[in-house]
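Read the figures in this text as sums done on the coordinates, not as results from a lab. For clarity, every value in this text was computed on a predicted model and none was experimentally measured. Cβ placement follows ideal geometry from the backbone for every residue including glycine, while neighbour counts extend to all protein chains displayed.
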Amino acid sequence: MSNSFVKYHGLGNDFILVDARHRPELAHMDELAVAVCDRHLGIGADGLVLVLPAQDAHFTMHIFNSDGSIARMCGNGIRCFTRFVYDENLWDGQGELVVRTASGLRTTHIVQAEPGQFLVRVNMQPPRLDPADIPTTLRPLSGSGPVVEAPLEVNGQTLAVTCVSTGNSHAVVFVPDLDQVDLLTLGPAIERHPAFPQRTNVHFVQALDTHTLSMRTWERGAGLTLACGTGACAATVAAVLTGRAGRRTLVYVPGGHLNIDWREDTDDVYMTGPATRVFEGEVSPEWIGLLAQENA
């Protein structure tokens with residue numbers, strides 16, 4: 001592993017960023033991701049994000065969740081990725097940054113680059129609503145179209161679940177009061193429910209008005225997190241599908257808020273939010289050596 005890293009967060013969703021353009025083998029080291037993301041024995045983060053080369057984009061973004069699994073897309077992560085390549089002078093920050101992800105190409109744009117206020121807008125592409133694209137075995141109540149408030153039996157109760165893919169899988173449940181949700185119990189139960197064969201991200205959402213949502217998240221592969229960018233996009237799409245909100249929303253999460261715009265003319269979902277640089281450092285060669293011995 002390259003010893004150098006920088007830690008960023010997007011509204012409290014934190015990541016370790018590494019320039020791995022000349023170390024492509026790091027993309028196969030899931031045990032390394034688990035080790036560096038450990039908050040007691042490693043650096044501590046929700047994910048490890050690698051900068052890799054790309055033939056059809058500026059860069060490839062490769063994301064490990066903290067459990068070592070691969071994240072196909074990450075909204076907060078791609079904003080942090082954008083700032084990292086800008087801060088490290090790998091990209092000049094002009095125009096759009098084109099990023100290859102496991103869910104296809106995404107484009108980002110720096111809206112504001114000032115101390116204490118670094119904002120990035122991301123074109124998250126149109127949401128995918130077909131059950132096969134989520135994927136989920138849940139089916140639309142009408143027999144066709146998106147899965148909107150379909151009943152799901154979890155821990156002895158029936159939840160109304162709306163399913164959206166914004167590059168990865170999301171299950172959205174609207175509730176009247178977020179404070180009454182047992183997320184630590186329901187989150188993992190829904191994440192690993194048989195209705196989601198590849199697991200899913202889980203969001204409980206309270207609609208405060210027709211343009212404001214409040215959300216709590218249990219992320220697939222990371223657990224309880226302070227924010228989820230793709231989840232905020234999915235929550236907005238779900239709110240529109242259920243008639244709870246319009247296409248432009250302010251989504252509040254424990255770490256702050258995101259501006260989401262699901263454009264009617266193009267069907268693209270745009271997300272705007274901050275990316276914060278926390279600290280930079282180097283991993284001890286001794287620690288890397290111990291890790292190699294443990295996995296030998």
(request) State the three equivalent ellipsoid semi-axes of the stretch 131-267, derived from the C-alpha gyration tensor as the square roots of 5 times its eigenvalues, in descending order and whole Å. (result) 20, 18, 14
(request) Using a 10 angstrom cutoff on alpha carbons, build the Gaussian network for the chain and name the most mobile of 81, 59, 279. (result) 279
(message) Take the chain, mark every one of the GluC sites (Glu not before Pro) that falls in a DSSP loop and has at most 15 other Cβ within 10 Å, then report the longest stretch left between them, sites excluded.
(response) 97-263
(request) Identify, among 235, 218, 28, the residue whose Cα sits farthest towards the positive end of the charge dipole of the chain, taking +1 on the Cβ of Lys and Arg and -1 on the Cβ of Asp and Glu, with the dipole about the Cα centre. (result) 235
(message) Running a GNM on the chain with Cα contacts under 10 Å, which residue among 176, 254, 53 ends up with the highest mean-square fluctuation?
(response) 176
(message) Using 0.36 nm times the number of residues separating residue 142 and residue 211, minus their current alpha carbon distance, what extension gain do you get?
(response) 22.2 nm
(request) Could you let me know the centre-to-centre spacing of the stretch 17-46 and the stretch 116-154, using Cα atoms, in angstrom? (result) 29 Å
(request) Out of all DSSP beta bridges with both ends in the stretch 131-267, state the antiparallel percent to the nearest 5. (result) 75 percent
(request) Calculate the translational D of the chain in whole µm² s⁻¹ from Stokes-Einstein, where the hydrodynamic radius comes from the Kirkwood formula applied to all Cα pairs, the temperature is 4 °C and the viscosity 1.567 mPa s. (result) 67 µm²/s
(message) If you take every residue apart from residue 67 with its C-beta less than 14 Å away from the C-beta of residue 67, what net charge results, scoring Lys and Arg +1 and Asp and Glu -1?
(response) -2
(request) Have a look at the DSSP beta bridges in the stretch 196-291 and tell me what percent are antiparallel, nearest 5. (result) 85 percent
(request) Once you have the Kirkwood Rh of the stretch 21-144 from its Cα pairs, apply Stokes-Einstein at 37 °C and 0.692 mPa s and quote D in µm²/s. (result) 204 µm²/s
(message) Taking every DSSP beta bridge with both residues inside the chain, roughly what % is antiparallel (nearest 5)?
(response) 80 percent
(request) Give the dimensionless ratio obtained when the Cα radius of gyration of the stretch 51-106 is divided by 2.2 N^0.38 Å. (result) 1.09
(request) Treat every Asp and Glu Cβ in the stretch 1-149 as -1 and every Lys and Arg Cβ as +1, leave all other atoms uncharged, and give the resulting dipole magnitude about the Cα centre to the nearest 20 debye. (result) 220 debye
